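Once you've had a glance at the structure underneath, I'll fire off some questions.
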Amino acid sequence: MLISYDRALVPFNLANAALTGAGPYDNLTVGGLQMTPIVHSIPGVQLLSLPGQNVQYVRGAIQLYQLQSHRPSYVNAILIQSRGRVEVPGCTACRGGPGLRPFPQCIRAPGHFGGACGNCKWRDHAARCSVRDDNQHGGEQGDNDGSPTPPPAPPAPPAPPARTVPESHWLPGPSGWSPSGSTSDNAIVLA
């Protein structure tokens, strides 16, 4: 049975309403297949197929509009948090303080999304995560969503020379218009 994304967020809203003032954390109910409609990448589907758990997050750090945006870094971070394992000690960013992260624990899913933790993936900083897969082996490959790194693009061909239209072919502009864009009487001011 496919659950619509809006219905999947009902537990999110109810949990927030029920837990108001009950501690520093809230729970996001995503341990099952609730995220199926918003997971659009092959690495995401592969991670979603693993056993999951609901995700604990710092109260106020995740807003409903962020979840509804379907931003890949948000979706993938929640997948990592729901399917990964706790990393002890946490990455440098997770140890840096609660203001940098929406999740209270540094959790990563080795082999998925470059092995970056959910907190780094949330902010699209997976390449900076100190516990990611390639960092475990001393590499500096960067953010990896599980797909092979494409070869570098060939250099672009040189742009054709700019064509100029002789002033005699210009159409008349509105009153006060100047081809240079600004005159002493009508200066362009950037505020």
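The values are calculated or read from the model by the stated rules, or taken from the named source; none is laboratory data. Everything quoted here is computed from the prediction, not taken from an experiment. With ideal geometry, Cβ positions are generated from the backbone for all residues, glycine too; neighbour counts draw on all protein chains shown.
For GLN56, only one of the following conditions fails: (1) outside any strand (DSSP E or B); (2) modelled with pLDDT of 90 or more; (3) not basic (Lys, Arg). What is its number?
If we test GLN56 against (1) outside any strand (DSSP E or B); (2) modelled with pLDDT of 90 or more; (3) not basic (Lys, Arg), just (1) comes out false.
May I ask you to list pairs of residues, at least six apart or on different chains, whose Cβ atoms are under 8 Å apart, with the first in the stretch 82-93 being in contact (Cβ under 8 Å) with a residue 60 or more places away in the chain and closer than 18 Å to GLY44 by Cβ and the second being among the hydroxyl-bearing types (Ser, Thr, Tyr) and in a helix (DSSP H, G or I)?
Note: no pairs meet the criteria.
Taking only pairs six or more apart or across chains, which ones have beta-carbon atoms under 8 Å, a first residue in the stretch 101-112 that is touching a residue at least 60 places away in the same chain (Cβ under 8 Å), and a second residue that is assigned to a loop (DSSP other than H, G, I, E, B)?
Every condition considered, the pairs that remain are PRO104/PRO24; ALA109/LEU50; ALA109/GLY84; HIS112/GLY84; HIS112/GLY146.
Okay, next question. Go through the stretch 44-53 and give me each residue that's part of a loop (DSSP other than H, G, I, E, B) and over 13 Å from GLY111 (Cα atoms).
Passing the criteria: SER49, PRO51, GLY52, GLN53.
Check GLY52, GLY31, GLY90 and return the single one that is surrounded by 12 or more Cβ atoms within 10 Å (Cβ to Cβ) and under 14 Å from CYS120 (Cα atoms).
GLY90
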